[in-house]
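Take a look at the structure set out below.
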Amino acid sequence: MTTRVAIYARVSTPDGKGQSPEMQLRELREHCERRGWTIAGEYVDRMTGTKDSRPDLDRLMADAHKRRFDVVIVWKFDRFARSVSHLLRALETFKALRIDFVSYSEQMDTATPAGKMVFTVLGAVAELERSLIAERVRAGLRNAKAKGKRLGRPSKRIDRATVETLRSHGASWRAIAEKLGVGVGTLYRVAPGCSKTQERDFGTH
């Protein structure tokens, strides 16, 4: 059975001039020929300035879900992924779709035992990164609480006189909540005369 491969290349230049993806493409095409792979498609993004859109990468991921190829090959990790976490998410997607991933320069192939080991290590690094971030957030919250800082969004003040005036003019509880920019639950907690039954029936009360 013929192995279908998708080639992805990316160049990034400040003014859109001076760089060409041809060097990447030439090397990748030659590698595919040596492996006996059939090129199912080439996806090339040319980044200019601060533009972060990668339409061909998006197209590649969409075609991956349509199973239009069996392997994705790139020149280097950093030509493909924005970050380690982005790379890992893409690799997890490819794994679920049974698509292999090859990075030519790093000589990494997820179809090989060494490539599978790299994938496992990347997953462990990403998990450690998430754990460290979560712990820093928890530590920051504990520190803020110890200093007496109030956490969470500041509560909105509700003028009861305004509520009563609006009610006297026939405004529904839901209309009052929308006018004051608060949730119906918040209005229920602070406004006199707003019962649980009325809170459930805000559309008609």
Is it the case that some residue within the range 37-54 is surrounded by 14 or more Cβ atoms within 10 Å (Cβ to Cβ) and touching a residue at least 60 places away in the same chain (Cβ under 8 Å)? no
Residue list for the range 98-117, restricted to those being surrounded by fewer than 18 Cβ atoms within 10 Å (Cβ to Cβ) and outside any loop (DSSP other than H, G, I, E, B): 113, 114, 116, 117
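Could you tell me which of the residues 145, 95 is at pLDDT 80 or above, surrounded by 10 or more Cβ atoms within 10 Å (Cβ to Cβ) and in a helix (DSSP H, G or I)? It would help to see each step written out before you state the result.
Numbers: 145 fails: at pLDDT 80 or above.
The unique qualifying residue is 95.
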Residues within the range 69-83 that are modelled with pLDDT of 95 or more and surrounded by fewer than 15 Cβ atoms within 10 Å (Cβ to Cβ), tallied: 0
Do you know which residues across the range 167-183 are surrounded by fewer than 18 Cβ atoms within 10 Å (Cβ to Cβ) and aliphatic (A, V, I, L, M)? 171, 175
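Restricting to the range 55-68, name every residue that is surrounded by 14 or more Cβ atoms within 10 Å (Cβ to Cβ) and either free of Cβ contacts under 8 Å to residues at least 24 places away in the same chain or part of a loop (DSSP other than H, G, I, E, B) (or both). Reasoning before the result, please.
Quick first cut of the range 55-68, residues surrounded by 14 or more Cβ atoms within 10 Å (Cβ to Cβ) only: 56-57, 59-61, 63-64, 68.
Correct list: 59, 68.
The values are calculated or read from the model by the stated rules, or taken from the named source; none is laboratory data. The shown structure was predicted, so the numbers you read here are calculated from the model rather than taken from an experiment. A quick note on method: Cβ atoms are made from the backbone with ideal geometry, for glycine too, and the neighbour counts reach across all protein chains shown.
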